[in-house]
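The values are calculated or read from the model by the stated rules, or taken from the named source; none is laboratory data. All values reported here derive from a predicted model rather than from experimental measurement. Neighbour counts run over all protein chains shown; Cβ positions are idealised from the backbone, glycine included. Note: accessible area is taken over every heavy atom of the protein model, side chains too, but ligands, DNA and RNA are not part of it. Shrake-Rupley method; radii C 1.70, N 1.55, O 1.52, S 1.80 Å.
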Amino acid sequence: ADAFPAALSGRTLVAAEAPGPLTVRGTPSELAGLAGQRLERFYRRGKFLWLEFDRDRIAINAMLTGRLQLAPTPATKRPPRTLFLMRFGSRAEGSAGVPGDAADWTRGADWIPEGDATPELRYRDPTQMGKVYLLPRGLDRTVPGAGVDEMGPDADDPALSLEVWRSRIRSHPGELKNLLRNQAFVAGIGNAYSDEIVHAARLQPFRKRGSLAPEEVDELYAAMRSTLPKAIDTLRVRVPPTFETEVRDFLAVHNRGGQDCPRCGKRITQTEAGGFVTSYCRHCQR
């Protein structure tokens, strides 16, 4: 998510369109009212992306299949099933480069549009599962799943210390994979990375939280804190500028059923329940 502020913050929204209107929660007049507003902030909270303009806001919940494309110009071919797009103008100051508060890893990137460019941010979703919420100032429109009581701390929040983790996990029972995917416990972890985290911790995904020894609780925390940053570092190198693509071939176990476990060499087990794939090693995850 920190790639998009570098490319778009400080730009004025020229126009917003909804080729897939069922994806957008808002009215045509609210959509048209976004034009002329300056993008002040673009950030992630849990699984939601938030765009804050000088008056209104937008929330995007891409769910399982939604992706964002950063098109350098409106002439760039749109991906199939583009359901929402925002066309931006030049930065107010007309300068090139990234904003001063942009993430360090974006500095010097050749995919950052020039200051006078007119890039488009496009949302595509083959299954139309995700939603885009228009949030005009003064309108109280609910964004399901984004409430204060619906999301715990972000998985990468520095305030989520080991002590806080130990305290929070005591009040969340159930299987470990479901626990990690529970946004009210920790926000931002999905199906694939829950598999990766329990594998890194050498724990079975179907273990009950109540069966964990204190040291295993700590191992799960350490695995979360190491697995996610490593994945982010990999994706920052491999994904730009094609942010709409999905890169998963570096994962250790997720969706690799029948292949060799990279740690012990035994065959990875894979199950599917409720439409969600679970991949794990029966041999080195206890």
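Structure summary
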item	result
Summed side-chain charge close to Arg267 - residues other than Arg267 whose Cβ falls under 11 Å, Lys, Arg +1, Asp, Glu -1	+2
Where Rh is the Kirkwood radius over Cα pairs, Rg/Rh for the stretch 193-246	1.13
Rg(Cα) / (2.2 N^0.38 Å) computed for the stretch 60-216, rounded to two decimals	1.34
With every protein chain in place, the stretch 145-245: carbon and sulfur % of accessible area (1.4 Å)	55
Whole-number D in µm² s⁻¹ for the chain, Kirkwood Cα-pair radius fed into Stokes-Einstein, 37 °C, 0.692 mPa s	161
Dimensionless Rg/Rh of the stretch 46-89 - Kirkwood Rh, Rg from C-alpha atoms	0.97
Cα gyration tensor, the stretch 132-286 - rounded (a/c under 1.5), prolate or oblate	oblate
For the stretch 132-286: relative contact order, % (alpha-carbon pairs under 8 angstrom, 6 or more apart)	20
Carbon + sulfur, % of accessible area of the stretch 50-126 - ligands and nucleic acids excluded, 1.4 Å	50
Long-range amide H partners of Ala187 with built H, under 5 Å	Gly152, Asp154, Ala155
Most mobile of Ile60, Ile189, Ile268 in a GNM of the chain (Cα contacts under 10 Å)	Ile268
Local electrostatic count, Arg107, Cβ distance below 13 Å [Lys/Arg +1, Asp/Glu -1]	-3
Cα shape, the stretch 94-170, gyration tensor, a/c 1.5 rule	oblate
Cα-based reach from Lys131 at 27 Å (exclusive), listing lysines while leaving out same-chain residues under 8 positions away	Lys47, Lys77, Lys177
Two-decimal log10 I(q)/I(0) for the stretch 1-100, as the Debye equation yields it once each C-alpha is a single scatterer, q = 0.10, 0.12, 0.23, 0.25 Å⁻¹	-0.26, -0.38, -1.56, -1.78
Percentage relative contact order, the stretch 1-67, counting C-alpha pairs under 8 Å, at least six apart	29
Cα-based shape type of the stretch 244-286, given that a ≥ b ≥ c are square roots of the gyration tensor eigenvalues and the cut on a/c is 1.5	oblate
Mean Kyte hydropathy of -0.5 or more with a Cα span along the axis of at least 20 Å, helices from DSSP in the chain	214-238
Contact order relative to length of the chain, as percent, for alpha carbon pairs under 8 angstrom and 6 or more apart	17
